[in-house]
Every structure is written in C-alpha cells, then in structure tokens.
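Notes to accompany the following structure.
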Amino acid sequence: MNAFLAIRNLSAILRGGSQRVLRSVDLAVEAGEVRGLVGESGAGKSMIGKAVLGILPSAVSIVEGEILLDGRNLLAMPQKERRRTIGTVAALIPQDPLTALNPSRRIGRQITDRLVDILGWTEANASARALELLDEVQIQNPQRVMASYPHELSGGMRQRVLIAAAFAANPKLIIADEPTTALDVTVQKQILKLIREMQARHGTAMLFVTHDLGVVSKVCQKLSVLYSGKVVEDRAVSEFFAEPRHAYSKALLAATPKYTDPFASLLPVDEAVIASVDAEVKAADREWRHV
Amino acid sequence: MLDGRGAVGRRASWRLILSASWLVFVLFLALAAPLISPHDPLEQDLFAARLPPFWMHGADPVYLLGTDSLGRDVLSRIIHGSRVALTVALIAGLATGFVGSLLGLLAGYLRGRTDLLISRLVDIWMAFPPVLFAILLIAVLGTGLSSIVIAIVVIDWTRFCRVVRAEAMNQSKMDYIASAVVAGQGRVGILWREIGPNVLPTIVALLTLEMGIAVIVEAILSFVNLSISTDAPTWGGMIAEGRTAVYQAWWVLVFPLVVLFLTVLSFSQLGEGLKDRFDPVLR
Ligand SMILES: Nc1ncnc2c1ncn2[C@@H]1O[C@H](COP(=O)(O)OP(=O)(O)OP(=O)(O)O)[C@@H](O)[C@H]1O
Ligand SMILES: [Mg+2]
C-alpha cells in the first residue's frame with residue numbers, strides 16, 4: 001500500500017448535530033492513477049474533496065480519521081504547514097467555471113499566483129509557464145487570453161483555463177469536482193478528453209468526482225461508490241462494470257442511461273435497494289456510536 | 001475561440017460626463033478661489049447690501065450674482081464656500097468609506113464572532129436618528145473641520161459596512177476563493193487580492209454618494225451654525241442667512257442652494273456612472 005492520497009476512517013459531522021455527513025470513509029488514490037467517486041447528489045462527494053484540500057465549510061467538522069498526503073497526515077499538521085503542503089502538491093478543478101475564476105482579475109495572474117506565491121517563481125518565469133499551459137490546453141491566442149477577464153471567455157474556455165491553472169504547479173494530486181457538469185454536451189466531451197490527456201502526460205493522481213458512470217468508464221481506473229457519506233463499493237473500474245458487488249451499485253449501474261437505448265433504463269433506483277442501504281448506514285451509525 | 005465578449009465597448013455615459021464635468025469645475029473653483037473670485041468673500045459694504053444679480057433692475061454689474069444683507073458678494077462667497085464643501089466631502093467621504101468598508105469586509109469574510117460583533121454594532125447604530133446624532137456629537141466635540149469629519153464617519157460608516165459585508169459574504173462563497181485557499185493564499189491575500197477588487201466598484205459608488213451626503217451634512221450643520229467657524233463662507237451658512245431675507249433678496253438663498261444641489265447630484269451620478277463603466281462583469 002503506497003497510495004499518494006490515503007483517507008482512513010474519516011468521519012465528519014455538521015456542527016451542532018450528531019449526524020455524520022462522512023461515515024468512516026476509506027479511500028486511496030495511488031500515484032498517477034485516477035479514482036472515480038460517484039454517488040447521488042448530497043452523498044458527500046464534494047465533502048471528501050474539500051476535506052482533502054482543507055476547504056470544508058465551517059459548519060462541518062472532522063471528528064475522526066486521517067488524511068495522508070504523500071504519507072503525512074494533514075489533520076495532524078499545524079494550519080500553516082497544512083496549507084503549504086496542500087498548496088505545493090494538490091490542486092482543484094472546480095465544477096462551475098462561472099464562479100471559479102475571479103471576475104475582477106486577469107486570467108494570467110490567476111494562473112501564475114500559485115507559482116509566484118507558493119513556489120517562489122519570478123513573474124517572468126511564471127508567465128512563460130502560464131503561456132505554455134494555455135497552449136497545452138489548446139487555447140488559441142494564449143497571449144490575449146492571459147490579458148483577458150473571465151467574462152470575456154466562454155464556459156468551455158474558462159474550464160480550459162481552470163485546467164491549465166490546476167496543472168500549473170505540477171501537482172501530484174488533482175481533485176476534479178464534476179469538472180464537466182456545467183458544460184454542454186459537446187464541450188463536455190472535449191474537456192473530458194483534455195483532462196484525460198493532461199493527466200496521462202503529467203502522470204498526476206486524480207480524484208474524479210462525478211455523477212456519471214459513463215464518464216468513469218472512460219477516465220478512471222478505480223472507483224468508489226458513495227452513499228450517504230459511506231463508501232459502499234471500492235473496486236477497479238473494469239471489475240465494477242463486469243460485476244458490481246453492492247446492491248446499490250448494481251441499481252446505480254442499471255439506472256445509467258445507455259447510449260444505444262437512452263430511455264429503456266431510465267428507472268429510478270429501486271426503493272427496496274434504497275431501504276436496504278439505508279438500513280446498512282443506520283447499522284454502521286449504531287456501531288460507530290458504541291466505539 | 002475568443003468570442004465577441006471582450007469587444008463589447010462601453011462608452012462613457014452622459015451622466016458620467018456631466019457629473020464629472022461639474023465636479024471638476026467645482027474643484028477648480030475651490031483650488032483657484034483666491035485668484036478667480038471677483039471680491040473678498042468677507043468684505044462688507046453696507047451701501048451695496050442686497051443688490052440683485054446682474055440681469056435685474058438696480059443691479060451693479062461688478063456683483064454678478066448680487067450681494068447679501070451685509071453687502072458681501074454672493075458669487076465670491078459661493079466660490080470660497082466650495083473649499084469647505086469639497087474638503088469635507090473628500091476627507092469625510094474617504095474616512096467613512098475606509099472605516100465602514102474595512103469593518104464590512106472583515107465581518108463578511110471572517111464571519112463568526114467578528115461578524116456577530118460588527119453586525120450588532122451596526123444594528124445599534126441604526127437606531128439613532130443621524131442628524132440629531134451629528135448635532136449631539138458636534139456639541140460634545142466642538143465645532144471645526146475635524147469634528148465634522150468625525151461626526152460624519154461616526155454617523156455613516158454603517159452605510160458602507162452593511163453593503164460591503166453582504167458583498168464580501170457573496171464573494172466568499174464563490175469557488176475562486178476556495179481555489180485561492182487551496183493555492184495557499186492567506187487571509188490577508190484573499191481579502192486584498194481576491195475579494196477587494198470585486199467589492200471595489202460598490203465601494204466607489206458608495207463613496208461618491210457619501211461625498212454628496214457629506215456636503216449635505218456639512219451644509220445642514222452650517223445651517224444650524226455648528227460648522228467650521230462663523231466667518232469662513234459655507235454654502236449651508238449662506239442658505240441659512242439667505243432664508244431670513246428670502247422675500248427681499250431671494251438670490252442669497254437660491255444660488256448657493258442650486259450649487260449645493262448640483263454638486264450633491266453630481267456626486268451620486270458619478271458613482272453610478274463609474275460603476276456601470278468599470279465593473280468588469282457586465283451586469
Ligand atoms: N455548508 C454546508 N453546511 C451544512 N451542510 C452542508 C453544507 N454543504 C453541504 N452540506 C451537506 O453535506 C452533504 C454532502 O454534500 P456534498 O456537497 O458533499 O454532496 P455531493 O455529493 O457533492 O452532491 P452534488 O452531487 O450535489 O455535488 C449534503 O447532505 C449537504 O446537505
Ligand atoms: Mg458536489
């Protein structure tokens with residue numbers, strides 16, 4: 001076991017409550033590998049990503065567990081050191097390209113910030129690197145884009161810029177939180193392809209959050225299925241699609257529309273299945289309280 | 001792939017041009033007052049009291065806008081009055097904007113206890129009627145420029161604080177803040193580099209509005225004789241004096257009133273115009 005990111009037994013609660021939003025989560029991403037994280041809306045997918053990056057909302061607090069980044073427990077570090085560690089090795093590709101770029105600052109600065117601030121590059125070197133990256137994410141006329149403000153770019157271009165920014169500091173781990181959900185279908189495909197290419201070229205480990213099992217089959221090698229903050233299945237993608245183990249995963253897979261017959265399987269997940277997973281989650285909670 | 005969005009031109013609007021021109025004109029009056037005013041604003045000439053403006057019967061053309069009850073030149077007093085008005089507008093406006101915006105930013109970004117404290121303070125403040133509060137303050141502090149500035153800051157910081165706090169809160173929720181945190185940006189950096197530029201257009205709009213308000217507050221205080229001092233000419237003071245003889249010499253009241261009105265209006269329109277023009281996000 002030599003994972004670059006290892007989350008062990010991570011539980012988080014909403015402040016003031018006792019209800020867990022993350023339930024003893026175990027999850028690992030090996031160096032250079034892409035792990036998919038799927039689950040329905042509200043399952044806690046973003047929460048896991050935010051916990052790793054240290055940007056949990058103040059209403060959520062971690063009550064147990066470890067987050068090991070390159071073997072070092074982030075949760076045991078003092079705040080400053082944690083920020084630094086995360087800043088040097090991890091990056092985020094956010095979901096909504098509309099709010100993920102600062103509307104008042106030029107694109108160039110938003111890419112070079114981290115290089116200059118954290119890694120201590122000179123402005124000139126950082127700009128050269130930013131140009132190179134914009135070129136790599138296939139933005140035409142990168143000079144001009146560097147000097148533009150976000151509102152001057154289309155959604156797809158902004159997402160390309162965000163990808164360039166994420167890869168700028170050569171991170172070892174990227175958390176991609178539904179990076180294509182906000183885009184229209186044709187752009188989605190291009191961006192997905194781009195992320196996959198960039199990931200392969202740079203050998204970056206990636207935690208890829210998505211609703212879409214179709215995307216998982218194209219981008220990921222491993223997969224975690226999350227239900228109500230609990231990991232119910234953790235498999236290699238090829239095995240998962242051949243034979244999902246958990247009843248919920250089976251139902252999820254069955255509910256994914258197929259391109260050959262888009263309407264045939266658009267069924268909601270079976271209520272009996274939901275009831276059984278809910279029971280499982282409740283049982284886990286009872287056990288947890290006794291520890 | 002760059003589409004047309006970058007090319008949307010934004011011309012300066014009429015209100016921006018007009019309001020800026022008027023304010024530049026008033027600024028010129030203030031700076032050049034001793035050089036351009038035709039008379040000494042304090043010089044009295046009881047034989048030339050209540051002379052009407054130049055186009056009326058019985059006017060003396062050396063007093064273009066007429067004279068007041070003590071025979072002082074109205075035009076020269078308006079020109080000199082602009083000095084007090086603009087000084088108060090600039091100093092009080094900036095000071096109020098600084099205090100209010102800073103507290104608003106801190107409350108909106110840090111939230112938690114800081115926010116609780118500042119917001120309660122704002123609530124308490126809002127319960128005071130502002131002008132009475134100002135008069136009370138001046139009565140305690142004594143008259144003079146610094147008391148007026150302090151009074152305006154104390155009364156009006158909440159105007160900035162509330163708006164900037166809400167805006168900072170909105171911005172804090174945006175993903176780009178999360179990205180900046182991940183990229184290792186500290187609190188000061190986030191406030192200054194990420195949130196600051198986004199609330200700046202709002203602050204500028206409020207600031208110009210506040211300068212207009214400062215002019216009015218100064219005029220009100222002069223009106224009730226609580227302003228700078230009794231002999232420096234102020235628009236508010238002129239209006240107060242003109243009121244006593246409005247039927248015999250309306251010009252003593254009306255000219256400073258019009259100038260005051262145009263100036264206050266220009267400040268508020270300037271803010272709106274600037275906001276439209278320089279907000280990087282097309283709204
Ligand atoms: N700021 C917050 N305060 C309180 N509860 C929150 C907050 N943000 C999220 N939650 C709760 O935490 C749970 C997990 O949310 P999360 O955003 O991780 O879901 P998700 O799996 O990413 O869903 P989606 O697919 O919609 O993005 C949800 O039940 C949500 O209601
Ligand atoms: Mg999410």
Sites excluded, chymotrypsin sites (Phe, Trp or Tyr not before Pro) in DSSP loops with at most 10 other C-beta within 10 Å, longest stretch of chain A: A:1-258
Long-range HN-HN contacts of A:Val232 with modeled amide H, under 5 Å: A:Val225, A:Leu226, A:Tyr227
Candidates A:Thr256, A:Thr122, A:Thr88, ranked by Gaussian network fluctuation over chain A, Cα under 10 Å, top entry: A:Thr122
Global geometry of segment A:137-194, whether rounded, prolate or oblate, following the gyration tensor of its Cα atoms and the 1.5 cut on a/c: oblate
Segment A:1-124, accessible surface, carbon-and-sulfur percent (1.4 angstrom probe): 50 percent
Residue among A:Val273, A:Val237, A:Val216 with the largest mean-square fluctuation in a Gaussian network model of chain A, springs linking Cα atoms under 10 Å: A:Val273
Sequence-distant residues sharing a close amide H with A:Ala28 (under 5 Å, placed H): A:Ile7
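Interface B/A, total buried accessible area with a 1.4 Å probe, nearest 100 Å²?
Details: alone 15280 and 14190 Å², together 27030 Å².
Chain pair B/A: roughly 2400 Å² of buried accessible area.
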Prolate/oblate/rounded label for segment B:156-275 (Cα gyration tensor, a/c 1.5): prolate
Segment B:Ala20-B:Arg113, extension gain: residue separation times 0.36 nm, minus the distance between their alpha carbons: 29.4 nm
Within chain A, percent of DSSP bridges classed antiparallel, to nearest 5: 55 percent
Rounded accessible area of A:Asp184 (nearest 10 Å², 1.4 Å probe): 90 Å²
Over chain B: helical MRE at 222 nm, DSSP H runs n ≥ 4 each giving -39500 (n - 2.57), nearest 500: -23500 deg cm²/dmol
Tensor-based shape of the protein assembly as shown (alpha-carbon gyration tensor, a/c under 1.5 rounded, otherwise prolate or oblate): prolate
Lysines whose Cα lies under 20 Å from that of A:Lys80, excluding same-chain neighbours fewer than 8 positions away: A:Lys50, A:Lys172
Sum of -39500 (n - 2.57) over DSSP H runs of 4+, divided by residues of chain A (222 nm, nearest 500): -13000 deg cm²/dmol
Accessible area per residue in Å² at 1.4 Å probe, computed on the protein assembly as shown: 47 Å²
Relative contact order for chain B, counting Cα pairs under 8 Å that sit 6 or more residues apart, in percent: 25 percent
For A:Gly36, distant residues with modelled amide H under 5 Å away: A:Phe208, A:Gln221, A:Lys222, A:Leu223, A:Ser224
Whole-number D in µm² s⁻¹ for segment A:134-291, Kirkwood Cα-pair radius fed into Stokes-Einstein, 37 °C, 0.692 mPa s: 182 µm²/s
Axial C-alpha extent at least 18 Å, average Kyte-Doolittle at least 0.0 - helices from chain B (DSSP): B:14-36, B:74-110, B:112-126, B:145-172, B:196-223, B:250-278
Spherically averaged projected area of chain B from its Cα convex hull (nm²): 19.0 nm²
Sulfur and carbon atoms: percent of accessible area, chain B [1.4 Å]: 69 percent
Dipole magnitude of the protein assembly as shown, debye to nearest 20 (Cβ charges: Lys/Arg +1, Asp/Glu -1, about Cα centre): 860 debye
Those residues of segment A:82-129 for which accessible area with every protein chain present is at least 40 Å² below the isolated value (1.4 Å probe): A:Arg83, A:Thr99, A:Asn102, A:Pro103, A:Ser104, A:Arg105, A:Arg114, A:Asp117
Among B:Leu86, B:Leu35, B:Leu207, residue whose mean-square fluctuation peaks in a GNM of chain B (springs only between Cα atoms under 10 Å): B:Leu35
Estimated Rh, chain A: Kirkwood, alpha-carbon pairs, angstrom: 20.0 Å
Value of relative contact order over segment A:74-164, rounded to a whole percent, pairs C-alpha under 8 Å and six or more apart: 36 percent
Spacing of the two label points (7 Å from each Cα toward its C-beta) at B:Leu141 and A:Ala236, in nm: 7.6 nm
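The values are calculated or read from the model by the stated rules, or taken from the named source; none is laboratory data. Bear in mind that the values here come from a model prediction, so they are computed numbers and not experimental data. No Cβ is skipped: glycine too gets one built from the backbone with ideal geometry, and neighbour counts run over all protein chains shown. Accessible surface is based on the protein model in full, side chains and every heavy atom, while ligands, DNA and RNA are left aside. Shrake-Rupley method; radii C 1.70, N 1.55, O 1.52, S 1.80 Å.
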